[in-house]
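Below: one structure, written as structure tokens.
The values are calculated or read from the model by the stated rules, or taken from the named source; none is laboratory data. All values reported here derive from a predicted model rather than from experimental measurement. Note: ideal-geometry Cβ built from the backbone for every residue, glycine included; neighbour counts use all protein chains shown.
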Amino acid sequence: MLNTNLQNLKGNYLFTDIVNRTKVYQTEHPEAELLRLGVGDVTLPLPQVITDAMHRAVEDLAHAETFRGYGLENGYEWLRRAIIDHDYAPRGIYPEPDEVFISDGAGSDLGNLSELFAEGGQVAILDPSYPAYVDTSRMAGRRIEWLHSTRENGFVPNLPKKRPDIIYLCFPNNPTGTVLTRAQLQRWVDYARENQSIIIYDAAYEAFIEDPNLPHSIYETDGAEEVAIEVRSFSKTAGFTAVRCGYTIVPRETGLHEMWMRRQCTKFNGASYISQRGAEAVYTPEGQVAIRANLAHYKETARLLSQGLRELGYEVYGGENAPYIWCRVPEGYSSWSFFDYLLNHCQIVCTPGAGFGESGEGYVRFSAFSKREDCEKALQRMKNL
Ligand SMILES: *Cc1c(COP(=O)(O)O)cnc(C)c1O
């Protein structure tokens, strides 16, 4: 017997469709200079302080005196302590070192955490959303309540109508660029406590928050340690999409800590020593300077794009405290027809919002991970339309 839940998954054709339409255009217009503004991956190279640390880690493995075999399943304690000292303690949050689980990226944990819950069951997922929560939930045969994020509710969805076992939240949001205030986040935590739901909080874009009043972590709200698991990644923060390293906080108070530890010890033998040494270097003073410079570059691109689009008369959301710009398509267009329009008339590749869910219809996503000069050229081309 096969898992029919997996067989019945809808294909996620978003990125394939984008690639195919772009290829067709390129074949027909080989001279065209395409501007890729849809990029959902980091583009700046890793800072040398990080690659040096990884080179040293490779050398460690080459010599008997420094060689290592398996590490702890939940990661090296030096990295877990660095995470607490830099990412949590300054905000008055003090997880125990064994409540921090080093992973090979947020993607894996966001999927695997689903195994802590019974098959079937009810989940609440933002619409539009990053596809991982949806597909994982479908693989486990869960029923999904969509939490629609629209301009009418300021992209801050209402609480679920039906009590979910799991609530997936992601702020700063991919794709809408929405951020939540502490009070807004507190409502979700209160709801989860009243309804005994677990929040899986995806904070992959936490490093893009600049407003000092916005919470970086769900644990900045009252009682979150009872109901929330926080998933973070070095991918967008420090350019680790190829290196693979992230971390997840599973507080004891959730009652899930032992189960997650048990699960990880059976199915995950830990993140690579080399990746963890690279992640450790992120927290050195030089590492901090270097990643902040890269983040500043992306933040500047976000500012340039959202300001430029606004000046051209577009209705623009996000782009502040977040690397994504959520742009309403002009009257008479759908998100795919506007994608085609930008491709055909400006040679710009964006991401159609409908690919992220029903409520994404009517929008396209632009990304701050795009090249700055491409953004400048794109705005100029759109101006000349
Ligand atoms: C990029 C991204 C991640 C990070 O995934 P990794 O597996 O750590 O590379 C997580 N969540 C969202 C919403 C993302 O866009």
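Taken residue by residue, the stretch 255-271 has no member that is of a type in the set (Lys, Arg) and touching a Phe, Trp or Tyr at 6+ places or on another chain (Cβ under 8 Å). In the stretch 183-206, of all residues being of a type outside the set (A, V, I, L, M) and within 24 Å of Ile325 (Cβ to Cβ), the one that is nearest to the ligand (Cβ to nearest atom) corresponds to Asp202.
The set of residues from the stretch 338-380 being more than 11 Å from Leu37 (Cβ to Cβ) and polar (S, T, N, Q) comprises Asn344, Ser359, Gln380. The set of residues from the stretch 105-122 being touching an Asp or Glu at 6+ places or on another chain (Cβ under 7 Å) and within 16 Å of the ligand (Cβ to nearest atom) comprises Ala106, Leu110.
The set of residues in the stretch 334-358 being in contact with a Gly (Cβ under 8 Å, 6 or more places away or on another chain) and more than 21 Å from Arg303 (Cα to Cα) consists of Ser334, Ser335, Ala354. With the structure loaded, tell me whether Tyr273 is assigned by TED's automatic domain parsing to the domain that holds Ser149 and either of a type in the set (A, V, I, L, M, F, W, C) or closer than 30 Å to Phe101 by Cα (or both) or whether it fails that test. Considered against the rule, which asks whether it is assigned by TED's automatic domain parsing to the domain that holds Ser149 and either of a type in the set (A, V, I, L, M, F, W, C) or closer than 30 Å to Phe101 by Cα (or both), Tyr273 comes out as yes. Scanning the stretch 278-333 for residues that are β-branched (Val, Ile, Thr), more than 13 Å from Ser367 (Cα to Cα) and surrounded by 14 or more Cβ atoms within 10 Å (Cβ to Cβ) gives Val282, Thr284, Ile291, Val329. Scanning the stretch 148-168 for residues that are under 15 Å from Tyr201 (Cβ atoms) and surrounded by 24 or more Cβ atoms within 10 Å (Cβ to Cβ) returns Pro164, Ile166, Ile167, Tyr168.
Scanning the stretch 256-270 for residues that are surrounded by 14 or more Cβ atoms within 10 Å (Cβ to Cβ) and part of a loop (DSSP other than H, G, I, E, B) yields Leu256, Phe268, Gly270. Of the candidates Thr43, Thr66, the single residue that is more than 16 Å from the ligand (Cβ to nearest atom) and among the β-branched types (Val, Ile, Thr) is Thr66. Answer yes if at least one residue in the stretch 137-159 is out of contact with any Leu (no Cβ under 9 Å at 6 or more places or on another chain) and in a helix (DSSP H, G or I), and no otherwise. Checked the stretch 137-159: at least one residue is out of contact with any Leu (no Cβ under 9 Å at 6 or more places or on another chain) and in a helix (DSSP H, G or I). Right, Ile102: touching a helix residue (DSSP H, G or I) at 6+ places or on another chain (Cβ under 9 Å) and within 16 Å of the ligand (Cβ to nearest atom) or not? Criteria met by Ile102.
Return the total of residues in the stretch 293-307 being among the aliphatic types (A, V, I, L, M) and within 15 Å of Asp374 (Cα to Cα). Show your work before the answer.
Filtering the stretch 293-307 down to residues among the aliphatic types (A, V, I, L, M) leaves 293, 295-296, 302, 304-305.
Keeping just the survivors that are within 15 Å of Asp374 (Cα to Cα) gives 302, 304-305.
Residues that pass the stated criteria total 3.
Quick one: is Phe338 under 23 Å from the mean Cα position of the chain (by Cα) and either surrounded by fewer than 22 Cβ atoms within 10 Å (Cβ to Cβ) or part of a loop (DSSP other than H, G, I, E, B) (or both)? First the steps, then the outcome.
Working: under 23 Å from the mean Cα position of the chain (by Cα): no; either surrounded by fewer than 22 Cβ atoms within 10 Å (Cβ to Cβ) or part of a loop (DSSP other than H, G, I, E, B) (or both): yes.
So Phe338 does not fit the description; no.
Taking the residues in the stretch 1-36 that are in contact with a helix residue (DSSP H, G or I) (Cβ under 9 Å, 6 or more places away or on another chain) and of a type in the set (Asp, Glu) as candidates, determine which candidate is nearest to Ser337 (Cα to Cα). Across the stretch 1-36, the extreme among qualifying residues is Asp17. Any residue in the stretch 325-335 that is part of a helix (DSSP H, G or I) and either among the charged types (D, E, K, R) or within 26 Å of Ala238 (Cα to Cα) (or both)? No - not one qualifying residue is present in the stretch 325-335. Reported count of residues in the stretch 226-245, each being more than 16 Å from the ligand (Cβ to nearest atom) and crowded, with 22+ Cβ neighbours inside 10 Å, is 1.
Restricting the stretch 57-77 to residues that are among the acidic types (Asp, Glu) and under 26 Å from the mean Cα position of the chain (by Cα) leaves a set whose member that is nearest to Arg244 (Cα to Cα) is Glu73. Take the stretch 113-134 and flag every residue that is charged (D, E, K, R) and surrounded by 15 or more Cβ atoms within 10 Å (Cβ to Cβ). If the condition is that a residue be charged (D, E, K, R) and surrounded by 15 or more Cβ atoms within 10 Å (Cβ to Cβ), then Asp127 is the only one that fits.
Would you say Thr254 is touching a Leu at 6+ places or on another chain (Cβ under 6 Å), without any contact (Cβ under 8 Å) to a residue 60 or more places away in the chain, closer than 24 Å to Ile84 by Cβ and away from the ligand (no atom under 16 Å from the Cβ)? Full working, then the answer.
Numbers: touching a Leu at 6+ places or on another chain (Cβ under 6 Å): no; without any contact (Cβ under 8 Å) to a residue 60 or more places away in the chain: yes; closer than 24 Å to Ile84 by Cβ: yes; away from the ligand (no atom under 16 Å from the Cβ): yes.
Answer is no for this residue.
Of the residues making up the stretch 271-316, those that are in a helix (DSSP H, G or I), more than 12 Å from Ala53 (Cα to Cα) and among the small types (Gly, Ala, Ser) number 6.
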